[in-house]
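FYI, it's all coordinate maths here, none of it is from the lab. From a predicted model like this one, the values you see are computed outputs, not experimental measurements.
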Amino acid sequence: LRLIGGPLRGSRKARLSVSREVSRPVPSTPSMAGAFSVADGPGGPIELRKRKLVDTEDPESTVCSTADVSQTLTGKWPNMPLEQDTFGMTICCLVRDFYYLSRGGRGTQWNRYVRIMTTMFLLLLCVILQIFLLLQVKHFVCAKAVHDIRVAYDAFQHIMYGGHTKELITDPVLERRGIGGMSGPYWNASRFNELAPEEQADACRIPLSQPVFFFGVLYIWTLTCFSEVKKCKELLMSLVFQTATIQDMADSLEPSEEDEDGFCKDTEEALLVGLTRNVKAFIVFLVLVPRLAVASVLLWIGCRWLLATATFTDLILNAVALEFVLGVKDLLYMAIMPRRNMVALENLFVRIANPQRESCATFASVIGWASAAAVWVLLYMGVPGHNGWQMVLRGYQWDVHAVCESWINTRYAV
């Protein structure tokens with residue numbers, strides 16, 4: 001383990017003894033005299049010093065230090081397990097199997113190569129399935145919904161503005177927009193009754209006709225995708241930045257127990273303490289980049305499909321259905337992965353992504369993610385007077401909500 005910026009030296013038993021000493025909780029004492037030494041200099045403030053373990057050959061030696069008092073007072077951060085899914089199993093395989101191969105192998109090296117190949121196959125299958133589903137949802141599901149809602153809004157615009165419209169787009173679907181908008185001379189709310197009942201229903205069920213309700217649904221979907229982004233960020237911080245860069249994967253694991261020959265057991269708990277640059281690069285490009293890309297594209301396709309959804313009931317169902325693309329990694333892991341690999345993953349721990357001190361800024365950081373999701377929703381769906389980033393209803397004039405209030409109150413009354 002690393003203590004205060006340097007690798008531990010000496011025997012493995014000495015390192016284990018220091019690790020256990022650091023993780024042992026500090027016992028409570030009747031007075032603070034046992035925890036701090038107090039020196040009151042002439043005319044100066046009282047100075048608090050604590051005893052702290054440092055990187056020495058002798059794990060029992062200690063020195064006095066004034067640094068990081070608050071970290072000791074708040075206790076040791078616990079290590080965290082990897083996620084139980086296909087991406088987590090890929091990381092576990094890279095770490096454990098390269099560790100054994102670098103140590104000369106436990107069992108036959110062929111077993112290690114087979115597990116690496118099968119895990120890479122499962123990862124490739126997961127990414128291919130997710131990309132395939134994204135493309136098919138965009139082509140067969142999202143495209144038709146966008147086509148239908150554009151036709152419905154075009155008919156609404158043509159009638160409500162008495163034919164005084166401008167052609168915004170002619171191909172592949174004719175999209176006309178009323179000249180001047182609701183504040184212009186051609187808008188007439190009474191023309192809503194001239195629409196056929198089907199056209200009234202199609203117009204009033206446009207999600208943007210109920211912007212507050214649609215904002216809530218889109219916000220929840222955005223948080224779902226942001227959770228994937230946050231997990232990628234935490235894995236990047238934990239495995240790339242918080243984990244030490246080493247020269248040999250033989251030193252990558254710190255076991256809780258050791259075999260007689262000095263190997264860390266494959267199914268016993270182990271702490272990841274270091275990774276080579278190559279393994280870190282593999283984790284970034286094989287795990288983090290595909291996972292982040294799928295979440296980002298799914299966020300865009302999901303927002304587009306939800307905005308094109310023609311009924312409020314389907315709006316909720318579609319939001320739930322979209323999540324199954326993110327669940328492919330869990331499905332493949334639970335359905336295909338052998339139990340031994342699952343145990344190996346469950347017993348592999350990594351350092352926490354970003355240890356933080358207790359502070360108002362730490363606790364208020366939740367506002368950052370919540371605000372970022374709200375900003376994305378507003379930028380995508382737009383606000384009255386601004387179209388936003390959405391390209392489903394280009395040039396949307398926010399003129400459906402007002403005339404549909406009475407229709408909504410009548411059709412959805414109980």
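From the alpha carbon gyration tensor of the stretch 365-414, can you work out the equivalent ellipsoid semi-axes (sqrt of 5 times each eigenvalue) and give them in Å, largest to smallest?
Semi-axes, largest first: 28, 18, 8 Å.
Could you give me the ³J(HN,Hα) list for the stretch 162-168, computed from phi with Karplus coefficients 6.51, -1.76, 1.60 and θ = phi - 60°, whole Hz, x at Gly and Pro?
Couplings: x, x, 8, 10, 10, 7, 7 Hz.
Below 8 Å, C-alpha to C-alpha, sequence gap of six or more: please give me the relative contact order for the stretch 73-173 in percent. Intermediate values should be presented prior to the final figure.
Working: 28 pairs, mean separation 20.5, N = 101.
For the stretch 73-173, the relative contact order is 20 percent.
Give me the Kirkwood hydrodynamic radius of the stretch 204-308 in Å, from all C-alpha pairs, to one decimal place?
Values: mean 1/r = 0.0590 Å⁻¹.
The Cα-based Kirkwood calculation yields 16.9 Å.
In whole angstrom, how far apart do the alpha carbon centroids of the stretch 289-315 and the stretch 324-357 sit?
If you average the Cα positions of each part, the centres end up 25 Å apart.
P(r) for the stretch 112-186, please, calculated from all Cα pair distances in 5 Å bins and given in %.
All Cα pairs, binned at 5 Å, distribute as 3, 14, 15, 12, 10, 8, 7, 6, 6, 5, 5, 4, 3, 2, 1, 0 percent.
Considering the Cα trace of the stretch 139-282, what is its radius of gyration and what is Dmax, both in angstroms?
29.4, 89
Can you compute the radius of gyration and Dmax for the stretch 330-376, using only the Cα atoms, both in Å?
17.8, 44
Could you give the spread of the C-alpha atoms of the stretch 267-309 along their three principal axes, from largest to smallest, in whole angstroms?
49, 24, 13
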